[in-house]
Amino acid sequence: MNENNPYQNLYHPEQPEAIPMIQEKPEIHYSKTEQISAFLAMLAGFLFVRFVFYHTTGLFTTFFYWLLTTFEVIFLKKSGKTFSKSDKLMIAVLYLFSGAYTITANTLMKALTTLFLILDNSLFLLSMTSGLNAVLRFLPEASLLSTLAMSLGEFGKCFGAVKSSKGHGAWKNAGYILGGLLIALPMTCIVAALLCEADENMSALLGNFLKFPPDEILELIPQLLLGIFIGCMIFSGLYSAAHRTIILDEEICAKKAENSRFIPNLMLYAAVTPVCILYVLYFISQINYFTGGFMGVLAEGYTYAEYARKGFFELCAVCCINLAVIAGIGFFAKKTGSEKPLMLKIYSIFLCACSLFLAGTAIAKMFLYIRYYGMTTMRIYTTWFMFLLVIGFIVLIVRQFRHSLNIGKVGYIVFTVMFGLLVFSRPESWITKYNASQYLAGNIEHFDVSVLNRMSLDAWAAVSHHDIGKLLLNGTNAELEARKEGIQDDFYESLNLSAWEIMLNVK
């Protein structure tokens, strides 16, 4: 065949180079720091479940959070991250609020502290990629990204880092041993628990050997499984903070906020005006009822309990509705932001002013109630919430005149300070001290000792400090001694300041 035949390529065209249908993902190389940190993250996940979910202790939980924060700081530092002043402030907040578990025995305060630390830690990791100002300015988007893009976005990286350590002899063997133990642990625990239930001698033998009751062994299974999941989330957040340069794009978030403004301002004015007129008429018709709290005068036909309780929760609801309305007209109005018209500012300021009056009235009514009936935890918590709303409405008024104010940043600072005052003041302790002193001074008629049984050790620790403890408990220390015995029998109950005070003061 003629090699120069011009028709040859018509019958035998050149075949294009084959393109593989499946593109292999580039292999990720994990540093030695990341490989070690993956194991430590899983351990941290288990300890989190053990000492935060199952046993929210005092000192142990505080130590755990201190170690977790230190671990995160070292990992980010080793990854080449630098910390701004705001980042260092958030680290200080994490260390500070970790101490709340040791300061108070109040279960609610511990639960709220746990939620606060989880959210604050998520914001801290996200701020390492996008800056704290951007995170707090676009808080809704930041909250979503911290959950999806960081905690779950790199979820498999923890297993990848563990697997990549097989090239190192020591880590390879450790990984094999850990994997074998993880596979064997659930089955071993179930068999051990069944054998212990079937034979007392076996139960005694394993009890002496492990110093663990059978029920505790069974509890380890869900703790371990949940701990692995949480450990992967911890490592995912750290890996994202170390490797992603930016997650929260300010321009994109600002454009999304701009696109969400679709309601004409005139329509919003028409919708809000009837509510404003209703407020004016309501204030005029109920002026004596509402201002009675400011003047310390009881409204006619009411007892102090009825007056404070009815008015307080109604005003709380109205304030929350107003907050939602102000946020809605500021977010959805077509003309808002830097070009916010004067009329929209006037409506926002009017609603804020009405809310301030209502909140102030509610607080005054509650003070009147407390003066005659003493303090309870619910009265203090709701009053604290109303003070928080008052500060929030003041900030919103300032925002009408200063659009550049980062309301998310101000809100973060205000809430952190207010929450710190609530937690570290040990509310049940000073509630008890106040009620006891007012009762002995003759300012309140009753001191209900049974209320103490619904409180934590913080309240009993306050009683143990004073001689009035004997008076309050009908001339005996029986109740305090019972609390002391309970502390001695439960190791986890003994790891906080209130337990130490009772152990020291009750002889």
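FYI, it's all coordinate maths here, none of it is from the lab. Here the structure is a predicted model, which is why all the values come from computation and not from measurement. We place every Cβ from the backbone using ideal geometry, glycine too, and count neighbours over all the protein chains shown.
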Original post:
Between Ala482 and Tyr434, 0.36 nm times their residue separation minus their Cα-Cα distance comes to what?
Top reply: 15.0 nm
Subject >> Förster radius 25 Å - calculated FRET efficiency between Phe491 and Leu119 (Cβ-Cβ, nearest 0.05) >> reply: 0.25
Subject >> Calculated FRET efficiency for the pair Leu139/Asp448, C-beta based, R₀ 51 Å, to 0.05 >> reply: 0.75
**OP:** At 0.36 nm per residue, minus the direct Cα-Cα distance, what do His243 and His465 gain on full extension? Give it in nm, one decimal, please.
**Re:** 74.6 nm
Original post:
If packing is taken as the mean number of other Cβ atoms within 10 Å per residue, what is the order of 427-436, 352-361, highest first?
Top reply: 427-436, 352-361
Subject >> Residue-wise HN-Hα coupling along region 409-416, computed from phi with Karplus coefficients 6.51, -1.76, 1.60 (Hz; x: Gly, Pro) >> reply: 5, 4, x, 4, 5, 4, 5, 4
Original post:
What FRET efficiency comes out for the pair Ala441/Trp384, r = Cβ-Cβ distance, R0 = 25 Å, nearest 0.05?
Top reply: 0.50
Subject >> region 385-468: relative contact order as a whole-number percent, Cα under 8 Å and 6+ apart >> reply: 26
Subject >> Distance from region 397-442 to region 336-384 (C-alpha centre basis), Å >> reply: 14
Subject >> Note, ³J(HN,Hα) from phi for region 74-87, Karplus 6.51, -1.76, 1.60, rounded to Hz, x at Gly and Pro >> reply: 5, 4, 5, 5, 5, 7, x, 7, 10, 10, 7, 4, 5, 5
Original post:
Residue-wise, which Karplus ³J(HN,Hα) couplings in Hz belong to region 50-64, taking 6.51 cos²θ - 1.76 cosθ + 1.60, θ = phi - 60°, and x for glycine or proline?
Top reply: 5, 10, 10, 7, 7, 10, 7, 7, x, 5, 4, 5, 4, 4, 4
**OP:** Quote to one decimal, in nm, the extra length available between Lys163 and Lys335 on full extension: 0.36 nm per residue of separation minus the C-alpha distance between them.
**Re:** 56.5 nm
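Given the peptides 324-335, 50-61, 77-88, arrange them by the average over their residues of other C-beta atoms within 10 Å, most packed first. Walk me through the numbers before you get to the answer.
Working: 324-335: 16.4, 50-61: 19.5, 77-88: 13.2.
Listed from highest to lowest mean packing, they are 50-61, 324-335, 77-88.
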Original post:
Could you give the dipole magnitude of region 377-466 about its Cα centre, charging the beta-carbon of Lys and Arg +1 and that of Asp and Glu -1, in debye to the nearest 20?
Top reply: 460
**OP:** Compute the label zone of Ile74 within region 119-140: residues whose backbone N is under 14 Å from the point 7 Å along Cα-to-Cβ.
**Re:** none
